[in-house]
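Bear in mind that the values in this text are calculations on the coordinates, not laboratory data. What you are looking at is a predicted structure, and each value in this text was computed from that prediction instead of being measured. So basically every Cβ, Gly included, is an ideal-geometry build from the backbone, and we count neighbours across all protein chains shown.
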Amino acid sequence: MDGNNLNASKLTRMVRSKGFVTALCGILAVAVLLIGYNIRINNATKPVSLPVAKYTIDPKTKITDDMIVYKDIPRGALSSDYYANKNQIIDKYTKINATIPAGSMFYTELLTSKEELPDSALYDIPEGYTLYYLTVNMLTSYTNSILPNNYIDIYMSTKDNGKALVGKLLQNVKILAVKTSDGKNVFEGGDETRIPYVIIFALPEEQHLLLRKVNAINNYSIANETGGFSRIDIIPVPTNVNINNKDDEIMSEVSSQYLSDYVLKLAAEYEITDDNFNSTNTNTNTNTNTNKPNE
């Protein structure tokens, strides 16, 4: 009995000794570190399913559901600047200098909204429409009265057998942008006065080709010194239509079939066909007219 008490007394003194306490704390600290290390390793290597690009996505591209797949990625390879859900990605656009490689995550710094893109109106052209650039100046733009999101009518003026031929060729054409000769947006200059050089709009392919044929007729006649030909001038005229609600937009249309037939007749005489323009009938073509207004 006395021996047991003696052993208990020794054990008590050992437990209370500084050396034992220090050793025990050291063992516990090592255990905690090992457990924490294993947890961190497990968390770092445990994969998480994230949206990635199904194929390489070019700059200025609208992200759609079919461009996205999910892929398991180790947590340790992740940073805080990515999208974790495809619903955060769909309908955004890649920035103008951003390409997303196939298999890459969608990093926040590479995507933006359509409204934040430069010239955002030019990136959402309806299928079957083509961009057209009509040269203007301060006079023919009615001293900067032709504004983006407003509508214009397009008149043509020429002479036919010595008689004036003037009329409305197209109507309800929506302006997408107005730019200076160095590509700046005329109406984003603050207090700076900018001189318009082109107005940009999109037309259905048939109407786009009609204006292109006017340009080709003028160029052909100048190059071949066609006798008695009078230049066809294209004249934009502002209207009182100003619809900002996309659901209420008015579609452009041919206003005068007589004037349209006149242009097509001249084009046929000069053997100018649709094939001359190498049109692909897509919504990505941009065409600068050569029908410069009189200065």
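Taking other C-beta atoms within 10 Å as the exposure proxy, PHE229, PHE201, PHE106 rank PHE229, PHE106, PHE201 from fewest upward. Sequence-ordered 3J(HN,Hα) estimates for region 136-145 from the Karplus curve with 6.51, -1.76 and 1.60 and θ = phi - 60° stand at 9, 9, 4, 6, 6, 9, 6, 6, 6, 9 Hz, glycine and proline given as x. Between LEU122 and ARG75, the modelled label-to-label distance comes to 4.6 nm, taking each label 7 Å out from Cα in the direction of the beta carbon. With R₀ set to 35 Å, the beta-carbon distance separating GLU253 from ASP58 gives a calculated FRET efficiency near 0.60. The local environment of PRO47, defined by Cβ-Cβ distances under 10 Å, has a net charge of +2 under the rule Lys, Arg +1 and Asp, Glu -1.
Under a 5 Å amide H cut-off, with hydrogens placed 1.01 Å from N, ILE68 pairs with LYS54 among residues at least 5 apart or on other chains. Neighbours of PRO204 by Cβ distance under 14 Å: Lys/Arg scored +1, Asp/Glu scored -1, total -4. Taking label positions 7 Å along the Cα-Cβ direction at both GLU225 and THR180, the computed distance is 4.1 nm, reported to one decimal.
Given R0 = 25 Å, the distance between the Cβ atoms of VAL241 and ILE195 translates into a calculated FRET efficiency of 0.50. Counting 0.36 nm for each residue step from ASP261 to LYS159 and taking away their Cα separation leaves a gain of 35.2 nm. Panel order for THR112, THR273, by other beta carbons found within 10 Å of each beta carbon, from fewest to most: THR273, THR112.
For the pair region 82-130 / region 158-213, the C-alpha centres are spaced 28 Å from each other. Amide H to amide H, with H built 1.01 Å from N, THR61 comes under 5 Å of THR94, counting only residues 5 or more places away or on other chains.
Take the Cα of ALA102, step 7 Å along the line toward its Cβ, and report every residue of region 63-93 whose backbone nitrogen sits under 16 Å from that point. Backbone N within reach: 66-71. Under 5 Å between amide hydrogens, built in the peptide plane, is the criterion, and for LYS159 it picks out LEU165, SER230 among residues at least 5 positions away or on other chains.
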